[in-house]
Ligand SMILES: [Zn+2]
């Protein structure tokens, strides 16, 4: 789900911006230039306040980036494979291809971000002191002072013990370590996260009614964001855990309908696509799988050529990265299907003979069944 703009790569991790970031950036820069800075140092010009607001919002972005990189760097060092971070203005979402497998790893990754914010907060306090004694430029000291404050705000906000915030992950890790029940630990920390989000939203409404419009709007925005994040990350986690330990061979379709590479497309459409309602078929030649014929490929070949085109000329030729092994885990298979944006893979053994076919739908079905059964 790439919803945003890809920026650059750092420490091997791709950094993207969520679209909502731009709205929040403008709102943030604007509210600083209208509220915080005029109160902090009165008497400056409007454009000056705007510039201070914009610089502060940009610097906040860099601080959030450092916070997130600290999580991801730690995670990668502990063997979790993080390739991408999507940034929102108050935080980021690292795309984990795997969830931490033990409580200690989870704890270390969770703490790394707030530790970075704490370090940044202390750094900006010291910088402000140094600047105030050396060059007396209130505009700069004021911005640096704001950055110190906002890093402590980030620290405190992220340490709220509701999943998926860092504090929620810490709580989950401790609960998990003590009870050994990762699912229950996740449920409890998610519920706390949701309760806190609800509180923020209600609090925001009261602030608006009392005349504090901007503050109230912030509280509602953050609350709504947390509510949604708690919901989706919990569901993803439950689904991921549901297929834990399941291998491709356990859930693949074993009696695979294959298509001979010598057939004409017009025959295949009649005899296979209309008959079986699959969107793709493995193609065989002399008993070996040589490719995949998808409905898309058939369409691209052009209706008027269906009667003269052989399957082998229209199919996608099989390469090693288009197949799964029977012993691959279902989680690995799903991660690959999602990142390659592919609906199904043929399953081949070491000798290259076809053992089955696995689709995204097969995995989803299994997830839903298991989640349903286990509650
Ligand atoms: Zn964090």
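List of remarks:
- Residue of 68, 316, 270 that the Gaussian network model of the chain assigns the largest fluctuation, springs spanning Cα pairs under 10 Å: 270
- Antiparallel %, DSSP beta bridges [both residues in the stretch 4-242], to 5: 75
- Between residue 316 and residue 122, residue separation times 0.36 nm minus the direct Cα-Cα distance comes to 64.2 nm.
- Neighbour-count ranking [beta-carbon atoms within 10 angstrom, fewest first] of 274, 213: 274, 213
- Compared with the dominant Cα axis of the chain, that is its longest principal axis, helix 213-242 is turned about 30°.
- Pairwise FRET efficiency - residue 132 versus residue 58, Cβ, R0 = 22 Å, nearest 0.05: 0.50
- If R0 is taken as 30 Å, the Cβ-Cβ distance between residue 19 and residue 104 corresponds to a FRET efficiency of 0.25.
- Net length gained if the chain between residue 267 and residue 299 were fully extended (0.36 nm per residue, minus Cα distance): 10.1 nm
- Comparing 193, 287, 168 in a Gaussian network model of the chain, where Cα atoms under 10 Å apart are tied by springs, the biggest mean-square fluctuation is seen for 287.
- Expressed per residue, the C-alpha convex hull volume of the stretch 270-375 stands at 123 Å³.
- Kirkwood Rh and Cα Rg combined as Rg over Rh, evaluated for the stretch 235-299: 1.13
- In degrees, nearest ten, helix 20-31 long axis to first principal axis of the chain (Cα): 10
- Placing a label point 7 Å from the Cα of residue 203 along the Cα-to-Cβ direction, the residues of the stretch 216-240 with a backbone N closer than 19 Å are 216-231.
- Mean separation of Cα contacts under 8 Å (6+ apart) over length of the stretch 248-374, as relative contact order %: 29
- When Rg and the Kirkwood Rh are both derived from Cα coordinates, the Rg/Rh ratio for the stretch 130-212 amounts to 1.23.
- Projected onto planes of every orientation and averaged, the convex hull of the alpha-carbon atoms in the stretch 4-242 covers 13.9 nm².
- Span from the the stretch 174-241 Cα centroid across to the the stretch 308-331 one, whole angstrom: 42
- Compactness of the stretch 70-189 as Cα Rg over 2.2 N^0.38 Å, two decimals: 1.27
- The three principal axes of the Cα atoms in the stretch 1-72 give end-to-end lengths of 45, 23, 15 Å, sorted in falling order.
- Fewest-first sequence of 234, 276 by Cβ atoms within 10 Å of each Cβ: 276, 234
- Residues of the stretch 225-257 with amide N under 15 Å of the 7 Å Cα→Cβ point at residue 195: none
- In degrees, nearest ten, helix 138-158 long axis to first principal axis of the chain (Cα): 50
- Listed residues 236, 227, 191, most fluctuating in the chain (Gaussian network, C-alpha, under 10 Å): 236
- The helix-only estimate of mean residue ellipticity at 222 nm for the chain, built from DSSP H runs of length n ≥ 4 each weighted as -39500 (n - 2.57), is -19000 deg cm²/dmol after division by the residue total.
- Normalised Debye scattering of the stretch 215-333 at q = 0.14, 0.15, 0.18 Å⁻¹ gives log10 I(q)/I(0) of -0.73, -0.78, -0.94, counting only Cα atoms as equal scatterers and leaving out solvent.
- Rounded FRET efficiency, nearest 0.05, which uses the C-beta distance separating residue 285 from residue 361 and R0 of 25 Å: 0.35
- Solution diffusion estimate, µm²/s, Stokes-Einstein, the stretch 280-339, Kirkwood Rh from C-alpha pairs, 20 °C, viscosity 1.002 mPa s: 163
Read-outs throughout are calculated quantities, based only on the coordinates presented, and are distinct from any laboratory measurement. Predicted model, so just to flag it, every value in this text is computed and none were measured. Glycine gets a Cβ as well: all are built from the backbone with ideal geometry, and neighbour counts include every protein chain shown.
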